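Asks: Structure provided below as structure tokens; questions to follow.
The values are calculated or read from the model by the stated rules, or taken from the named source; none is laboratory data. Just so you know, these numbers come straight off a predicted model, no measurement behind them. Virtual Cβ from ideal backbone geometry, glycine too; neighbours counted across all protein chains shown. Areas reflect the complete protein model, heavy atoms only, side chains present, ligands, DNA and RNA absent. Shrake-Rupley method; radii C 1.70, N 1.55, O 1.52, S 1.80 Å.
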Amino acid sequence: YNHTLFELPGFINGKVSYTNGTGIPSVIVFSIYDTDGTDSSGNYSLLVTVNGTYEVRAIPPPGLGLADAEADVSAVVGSETILNFTLFRLSSLSGQVTDTNGTPVEDATVSLSGFDLPFYSNATDENGTYIFPGIKHGGYTVEITPPFGSPLLSNTTFLNISPESVNT
């Protein structure tokens with residue numbers, strides 16, 4: 001008679017919540033080995049079958065205007081690891097491009113690149129305004145290029161968009 005003992009699995013358990021601590025239901029939480037959806041209180045549980053570092057990601061349901069989140073956590077078979085997520089509202093960046101006299105600049109190109117963002121570009125409207133909706137908090141480079149043929153100079157600045165803010 002051969003007897004093999006199997007180790008009990010481990011778990012990565014946690015809660016996904018808004019910044020005020022209220023749990024968020026129906027968030028998909030996953031690692032390479034398991035996937036779970038949060039319950040009505042925002043709780044989830046992922047199975048751990050291999051010791052190691054797990055990249056865990058939480059993706060909110062569409063329409064809530066929340067940024068997804070991810071974290072690496074070390075987990076061990078046979079034990080419980082706690083990993084909580086706080087999801088932040090997506091921010092927006094908007095503003096107006098003007099010349100030194102305060103006159104709006106139409107058709108200037110405003111480019112946004114940086115944290116978790118490959119590269120986005122918008123042209124200003126007739127009022128010199130632009131908007132980048134639905135961006136995550138973090139550091140960004142904003143470059144403004146004047147319209148072709150304009151005597152104006154380009155301008156580049158770095159800004160940090162904080163959670164749940166609107167920056168102009």
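Asks: Along the charge dipole of the chain, Cβ charges K/R +1 and D/E -1, which of 8, 66, 101 sits furthest on the positive end?
Replies: Farthest towards the positive end: 8.
Asks: For residue 158, tell me the accessible area in Å² from a 1.4 Å probe, rounded to the nearest 10.
Replies: My reading of the accessible area for residue 158 is about 140 Å².
Asks: Now for a separate question. Which log10 I(q)/I(0) values, to two decimals, does the chain give at q = 0.16, 0.20 Å⁻¹ under the Debye formula with one point per Cα?
Replies: The computed values of log10 I(q)/I(0) come out as -0.91, -1.17.
Asks: Still on this structure, I have one more. Hey, any idea what % of the chain's accessible area is carbon plus sulfur with a 1.4 Å probe?
Replies: C and S atoms contribute 53 percent here.
Asks: Taking amide H positions as placed in the peptide plane 1.01 Å from N, state which residues far from residue 81 in sequence (5 or more) or on other chains have amide H under 5 Å from it.
Replies: 11, 12, 13
Asks: Mind checking the dipole of the chain: about its Cα centre, +1 per Lys or Arg Cβ, -1 per Asp or Glu Cβ, Debye to the nearest 20?
Replies: 280
Asks: Using θ = phi - 60° and the Karplus form 6.51 cos²θ - 1.76 cosθ + 1.60, what ³J(HN,Hα) does each residue of the range 38-48 get, whole Hz, x for Gly and Pro?
Replies: 5, 7, 5, 9, x, 8, 9, 8, 10, 7, 10
Asks: Accessible area per residue, 1.4 Å probe, Å², for the range 59-165: what's the number?
Replies: 57
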